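The values are calculated or read from the model by the stated rules, or taken from the named source; none is laboratory data. Given the structure is predicted, the values throughout are model-derived calculations rather than measurements. Ideal geometry is used to build each Cβ from the backbone, glycine not excepted, and the neighbour counts take in all protein chains shown. Just so you know, the surface numbers come from the protein's heavy atoms only, side chains and all, with ligands and any DNA or RNA stripped out. Shrake-Rupley method; radii C 1.70, N 1.55, O 1.52, S 1.80 Å.
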Amino acid sequence: MDSLEKIDEIMLNHIKSFKYEPVKLMYKEISSGKKLRSKLILKIAGDTQEAIELCAIVELIHAASLLHDDVIDGSDTRRGKPSINYSYGAKNAVMLGDVLYSKGYYELSKFDNFIAKTISDAVSKLSIGELMDVRLGESFNEDIKMYESMIYNKTAVLIEASAKCAAFLAGFDVDKFGIYGRNLGIAFQIVDDLLDITQDSKTLGKPALSDFKDGKTTLPYIYLYKALDKEGKSILKSYFKKELNDNEIFWINSKFEEYKIMEKCAKEVEVIADKALKSIEEYENKDLIKIMQNMIDRKF
Ligand code: FPP
Ligand code: MG
């Protein structure tokens, strides 16, 4: 059994420990994700039992956050499968999330105080990030700083905490690995936002260009807004949170092309990736370079 399978097994055993069939049943319908955070922990700390157990905790917390996020976003699908809120309703999805993350906390209490503090602080920030996301979604946002702060909290914080804790387990410099994790997380979210525009709905497992319709003014839209003239700005704003027809989608895509917005965002991702890799270069860890590269090159 490889380490990623061991993580799945530990998570399942945590769930089974409650001896309550409905929880097990619903849990089994969550499709397992890419385990980015676990891969990161294992590549930093090595495949030790302690690291594997930490991975299971982080994955439980991450899964809980997605269960809640799907309720908040009203998403019917997750990773191409029906979401738990779609199949069982919001009440069950919220409570299953509560079971997962409180079990994660219980297991976390067995770890060193540095790890328990770092992960639990990250989860508070994760929740703040989700709140920021919901608030930003109320109106068109042209403030890059607010977008950056939101994606740092919503996405990068748990990745940063994972990298720090793994470095702690390995006896490495936690701050340097924190910078790597933080920038990996930020780059991850920007790539995610780009894919929502560039990929077709079948690859994404959700409709393309759905972010803008869902009230998310992601980086490409902020850059586009800044590049457009007065008339263009007001057209773009009028498309915010709207079900777009083919002509409107064509307009947005042609403007993205005209102002080379995707290229601008891709360059931004490269700068962020460089920052991440510079901070840990003395460790000469090829796997961490590869994790960053794979994340940038991913198609969904
Ligand atoms: C996905 O964002 C959401 C997150 C990465 C974080 C959600 C965090 C919470 C709901 C806080 C609560 C935390 C716990 C542990 C219960 P998205 O909607 O932009 O991405 P998506 O396309 O994957 O849905
Ligand atoms: Mg969501």
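Data overview
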read-out: Qualifying residue in the range 161-174 (condition: open to solvent by 60 Å² or more (accessible area, probe 1.4 Å), out of contact with any Pro (no Cβ under 9 Å at 6 or more places or on another chain) and touching a residue at least 12 places away in the same chain (Cβ under 8 Å)); value: yes
read-out: Given (1) open to solvent by less than 60 Å² (accessible area, probe 1.4 Å); (2) within 15 Å of ligand 2 (Cβ to nearest atom); (3) modelled with pLDDT of 95 or more, index of the condition residue 80 fails; value: (3)
read-out: The listed residue being of a type in the set (A, V, I, L, M, F, W, C), surrounded by fewer than 22 Cβ atoms within 10 Å (Cβ to Cβ) and free of Cβ contacts under 8 Å to residues at least 40 places away in the same chain, out of 222, 128, 179, 144; value: 128
read-out: Failed item, numbered, when residue 110 is tested on (1) more than 9 Å from ligand 1 (Cβ to nearest atom); (2) open to solvent by 20 Å² or more (accessible area, probe 1.4 Å); (3) assigned to a helix (DSSP H, G or I); (4) without any contact (Cβ under 8 Å) to a residue 60 or more places away in the chain; value: (3)
read-out: Check on residue 243, open to solvent by 20 Å² or more (accessible area, probe 1.4 Å), part of a loop (DSSP other than H, G, I, E, B) and out of contact with any Cys (no Cβ under 9 Å at 6 or more places or on another chain); value: yes
read-out: Those residues of the range 131-190 which are in a helix (DSSP H, G or I) and aromatic (Phe, Trp, Tyr), in sequence order; value: 147, 152, 168, 177, 180, 188
read-out: Matching residues, the range 40-72, being open to solvent by 70 Å² or more (accessible area, probe 1.4 Å) and within 16 Å of ligand 1 (Cβ to nearest atom); value: 72
